[in-house]
Ligand SMILES: Cc1cc2nc3c(=O)[nH]c(=O)nc-3n(C[C@H](O)[C@H](O)[C@H](O)COP(=O)(O)OP(=O)(O)OC[C@H]3O[C@@H](n4cnc5c(N)ncnc54)[C@H](O)[C@@H]3O)c2cc1C
């Protein structure tokens with residue numbers, strides 16, 4: 001079910017080198033052998049893929065885009081997207097766990113931390129010794145992340161943190177959580193939002209509700225409650241007031257990985273639908289030979305290929321230091337909508353059995369919906385893209 005299809009590049013392309021193809025081969029083999037067999041059970045029992053984490057760490061897959069001197073594998077962002085794509089192709093839960101750990105949990109420290117902060121946390125994160133998480137969303141601050149209400153009030157060489165974060169992916173299992181808080185509780189501007197790192201086990205950090213979700217049910221989505229939680233001032237990332245800009249920058253990169261996740265899920269949908277359409281006969285002919293079914297498969301393949309190009313291009317631009325925010329939004333928005341259409345089509349092509357848990361199509365449909373919501377909804381991506389257009393046009 002996960003052999004290459006005609007829509008996948010099998011020779012180096014503008015964005016893929018021979019090395020990328022080798023990485024894809026390695027990750028695919030691992031995903032099929034170790035990840036795919038667990039996917040249905042993780043979903044069914046809402047079980048976190050704990051046994052897979054050390055195996056991913058062993059292969060270096062929890063630190064792909066980070067430098068070797070900080071415990072990473074020193075590969076590029078295209079390689080990282082391939083990893084998220086291939087894992088998500090067989091298991092959305094594993095895909096989001098890796099994407100949230102890498103893009104959101106580790107990148108802010110890697111990008112904005114002092115030398116000392118990087119040496120303290122990144123090697124453990126990039127080597128997979130511990131997982132990372134990122135907490136921006138609050139009950140009253142979702143798309144409008146500037147509405148942050150969590151506070152961090154300075155007291156000597158510490159900050160005292162109070163308030164609630166929600167929907168924190170990997171929150172329970174993370175060794176470090178990067179989060180935002182307001183250092184001036186009276187201010188409502190983004191210039192009083194600051195980023196901090198809180199370590200697991202810090203007194204005053206409590207784990208609240210574990211979300212029971214539509215999809216990605218094995219992924220850990222946790223509420224975090226800070227009650228007079230004292231954090232050393234040395235855990236502040238960058239200057240006071242710099243947190244909002246840091247988190248927005250982090251999300252620009254994170255969006256590409258949500259695009260990669262949606263791409264993998266879309267490819268997983270085609271992997272299920274294509275063999276079924278070739279094998280099953282009704283009215284004396286194969287489903288694939290019926291034009292209405294064939295057209296669906298053709299559209300899936302074409303859209304998946306277009307999404308793949310957008311995802312790889314955004315990562316390729318990031319690797320070259322070119323502006324990539326617009327391309328990241330293109331990739332995330334397009335791939336997540338392609339993923340939804342592909343999953344919907346896969347269920348339809350399978351018919352009744354597609355609606356059952358016999359096949360992964362229904363799970364993919366539930367899992368991929370998150371890609372239209374997390375790290376900026378589709379509506380927010382369209383706002384981001386429109387603002388870029390307006391700016392480019394000189395408006
Ligand atoms: C499974 C899961 C994992 C998550 N992981 C994390 C995580 O690790 N860390 C983290 O910080 N957050 C995480 N989130 C939170 C996620 O990023 C937010 O849910 C998302 O940003 C949307 O915010 P909201 O849920 O408050 O929706 P709202 O902001 O309330 O939006 C509701 C609807 O209104 C629309 N809307 C809002 N504003 C506008 C606007 N200006 N114009 C047009 N439409 C608009 C939205 O597009 C959406 O359709 C996760 C969420 C889920 C479900």
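Coordinate-derived values only; no laboratory data. What you are looking at is a predicted structure, and each value in this text was computed from that prediction instead of being measured. We place every Cβ from the backbone using ideal geometry, glycine too, and count neighbours over all the protein chains shown.
Annotations
- The distance separating the Cα centre of the range 8-67 from that of the range 76-101 comes to 7 Å.
- Computed over the range 18-131, the ratio Rg/Rh where both radii use C-alpha atoms and Rh is Kirkwood: 0.98
- The order of 206, 344, going from fewest to most other C-beta atoms within 10 Å of their C-beta, is 206, 344.
- Taking 360, 232, 123 in turn, the Gaussian network model of the chain (Cα-Cα springs below 10 Å) assigns the largest fluctuation to 232.
- Largest GNM mean-square fluctuation among 322, 251, 224, using the chain with Cα springs under 10 Å: 322.
- Pairwise FRET efficiency - residue 356 versus residue 111, Cβ, R0 = 51 Å, nearest 0.05: 0.70
- Stokes-Einstein D in µm²/s, Kirkwood radius over Cα pairs - the chain at 4 °C with 1.567 mPa s viscosity: 61
- Compared with the dominant Cα axis of the chain, that is its longest principal axis, helix 378-392 is turned about 80°.
- Helical runs (DSSP H, four residues minimum) scored at -39500 (n - 2.57) apiece and divided by the length of the chain put the mean residue ellipticity at 222 nm at -15500 deg cm²/dmol.
- The chain - share of DSSP beta bridges that are antiparallel (%, nearest 5): 85
- Relative exposure of 317, 33, judged by other C-beta atoms within 10 Å (fewest first): 33, 317
- Based on every Cα atom in the range 245-392, Rg and the maximum pairwise Cα distance Dmax equal 17.1, 60 Å.
- Order of 341, 357 - criterion: other Cβ atoms within 10 Å of each residue's Cβ, fewest first: 357, 341
- Between helix 36-45 and the chain there is an angle of about 60 degrees, using the helix long axis and the longest principal axis of the Cα atoms.
- Calculated over the range 133-241, the projected area of the Cα convex hull averaged across directions stands at 6.6 nm².
- C-alpha center-to-center spacing [the range 324-388, the range 223-242] in angstrom: 34
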